[in-house]
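First the structure, in the form of structure tokens, and then the observations on it.
Only the coordinates and a few stated rules stand behind these numbers; no lab work does. Model, not experiment: these values are computed from the prediction. Reconstructed Cβ throughout: ideal geometry from the backbone, glycine too, with neighbour counts over all protein chains shown.
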Amino acid sequence: MKRMSLACRWLAFLSLLLLVVACSSSNEGTSAPAEEGEGNTEEEAFDPDSPLDLDWMVILYHQQPPKDTVIKEIEELTNTNLDLIWVPDAVKEDRVNAALASGNLPKVITLQDFRTSSVLNAFRSGQFWEIGPYLDEFPNLSEMNETILENVSVDGKIYGIYRERPLSRQGVVIRQDWLENLGLEMPTNLEELYEVARAFTYDDPNGSGADDTVGFTDRNDLIFGAFKTLASYHGTPNEWGFDDEGKLMPEFMTDEYVETMNYMKSLYDEGLINTEFPVTSKEQQQELFMTGRAGIYVGNMVDARNLRDKAKDINPEMEVAITNRIAGPDGEDRVWAQGGHNGIFAIPKSSVETEAELKRILAFFDRIAEEDVYNLMAYGIEDVHYETIDGEYFERIEENLDDWAAEVQPLVSLVAREMNYLKAYGDPLYEEYERLTEDNNEIIVTNPAEPLFSPTYTERGTELQKIIDDATYKYILGELDEDGFEAEVERWLTNGGESIIEELNEDYERLN
């Protein structure tokens with residue numbers, strides 16, 4: 001091949017240089033802010049009226065993603081093209097960590113556990129939009145629950161739209177027919193509840209003439225079993241309370257926690273509770289109730305409907321009632337609250353670069369809280385998946401239940417605010433559950449440490465909590481006295497508990 005002459009090579013070089021300069025000038029011209037009245041800025045370049053292209057990582061709690069029948073309706077009503085990235089529940093944390101590490105994030109990502117180190121670091125390093133300042137611009141988002149917003153905050157900032165859940169569904173499920181058989185009323189305080197348990201154990205509530213019943217049925221769960229709800233009735237703080245100096249202290253260092261253990265120990269000593277409850281599963285606990293061997297179930301009040309329905313064939317005479325207000329020794333009604341959420345929907349800055357697009361996405365979440373779109377996600381298409389009765393109730397269409405399961409049920413993963421525009425038809429027990437769950441909001445005890453962060457708790461909290469759980473069970477079973485329990489609390493403190501207390505108090509003072 002002949003060499004290019006020197007002149008030709010210089011000519012080629014100059015031509016290339018001129019091309020690069022021209023392209024650079026062109027790019028600068030499009031990215032620089034325009035003068036007033038000239039062209040579009042970066043914010044204005046996003047057309048708020050065009051369909052919103054929204055890729056969204058959501059959690060799949062069912063075997064298959066939903067068919068797109070209802071999704072198409074949602075897209076039409078919200079002017080949105082949804083690209084739903086379904087991630088099975090079992091691998092959600094791995095997928096989130098992988099996405100954070102790679103920086104390849106969708107415009108919306110579901111973060112069920114957003115207090116892991118990797119997610120917290122992403123928030124604090126500015127990788128996600130802080131949406132708190134924008135919420136008041138939207139009619140539905142502006143009405144989000146302040147308690148739940150505080151619970152999902154990080155360093156006092158809101159980085160996502162919460163996935164709402166009831167703050168407290170805790171209460172007492174009780175055999176109404178047994179109460180009537182013994183001439184008893186629904187208990188209203190801890191003393192009355194204890195006496196009902198005694199009567200259900202020893203006064204033959206089922207009329208069998210045999211010693212075949214017990215008062216309480218419980219399981220190996222100090223949170224969602226009976227213990228924590230009974231503790232809240234006694235006035236125990238919710239995980240963390242305050243000492244006389246206004247410092248955070250764990251619930252198990254309070255007198256009320258010990259009083260709850262004493263209450264449970266008395267139930268155990270007198271045989272008013274299934275004696276194997278520390279090793280009883282939830283299924284076994286519920287079986288005791290459904291088969292008519294126990295009459296008091298403390299936990300989620302919605303379980304009343306499940307217990308009743310499952311018992312129809314084996315115990316058809318069973319009548320169930322629920323209550324949420326059991327007054328403590330001081331006469332006050334209280335019940336512990338969860339965080340009120342199941343994670344958040346967060347918006348990464350790497351995928352949503354402009355404030356204009358951020359607001360369009362927030363407007364989408366505001367829109368899906370309105371009745372027409374919410375009902376699609378919650379119930380499906382009217383007259384296909386459900387029927388409306390009296391404008392207030394819904395009833396699923398029996399012959400289309402398979403379609404509902406395939407097209408609607410998985411969409412629970414898209415729901416942000418729980419609007420509940422319609423009620424379940426023809427079930428007074430479920431209506432009572434909804435009423436009492438709402439009433440619980442008047443008496444809830446929140447966890448003041450919910451939005452706080454302790455590195456030691458993140459690293460060792462589960463391990464340390466086992467010390468307290470084991471000591472609590474042993475105390476109730478009579479294997480530890482109060483001095484023995486205090487010794488286990490001391491072991492918790494010396495093995496990392498003191499650091500947790502110190503770190504949470506530092507975080508609380510910083511934010512307050």
The stretch 164-230: relative contact order in percent, alpha carbon pairs under 8 Å with at least 6 residues between
23 percent
Counting DSSP beta bridges with both ends in the chain, the antiparallel % (nearest 5):
55 percent
Spelling it out for Met249: with amide H atoms placed in the peptide plane at 1.01 Å from N, the residues 5 or more places away or on another chain with amide H under 5 Å from its amide H are Gly241, Phe242, Asp243
Give me the distance between the Cα centres of the stretch 272-312 and the stretch 194-214, rounded to whole Å.
16 Å
Using a 7 Å offset from the Cα along the Cα-to-Cβ direction at both Gln64 and Glu463, what is the distance between the two label points in nm, to one decimal?
4.5 nm
Cβ neighbours within 10 Å, averaged per peptide: list 71-81, 271-281 in order, most packed at the top.
271-281, 71-81
Could you pull out every one of the lysines with an alpha carbon less than 30 Å from that of Lys359, ignoring same-chain neighbours closer than 8 positions?
Lys67, Lys72, Lys92, Lys107, Lys157, Lys349
Find how much the distance from Ser125 to Thr494 grows on full extension, using 0.36 nm per residue of separation minus their present alpha carbon separation; answer in nm with one decimal.
129.5 nm
Whole-number percent relative contact order across the chain, with pairs defined as alpha carbons under 8 Å at least 6 apart
21 percent
Mean projected area, convex hull of alpha-carbon positions in the stretch 224-380, reported to one decimal in nm², is 15.8 nm²
Between the alpha carbon centres of the stretch 407-425 and the stretch 103-126 the gap in Å comes to 25 Å
Taking the alpha-carbon centre of each part, the distance from the stretch 226-260 to the stretch 333-403 in Å is 35 Å
Restricting to Cα pairs under 8 Å and 6 or more apart, the percent relative contact order of the stretch 170-276 works out to 22 percent
Computed label-point distance, nm, for sites Asn262 and Glu192 using a 7 Å Cα→Cβ extension:
2.3 nm
Stretched fully, the stretch from Glu180 through Asp309 gains (0.36 nm per residue minus C-alpha distance, one decimal, in nm) 44.4 nm
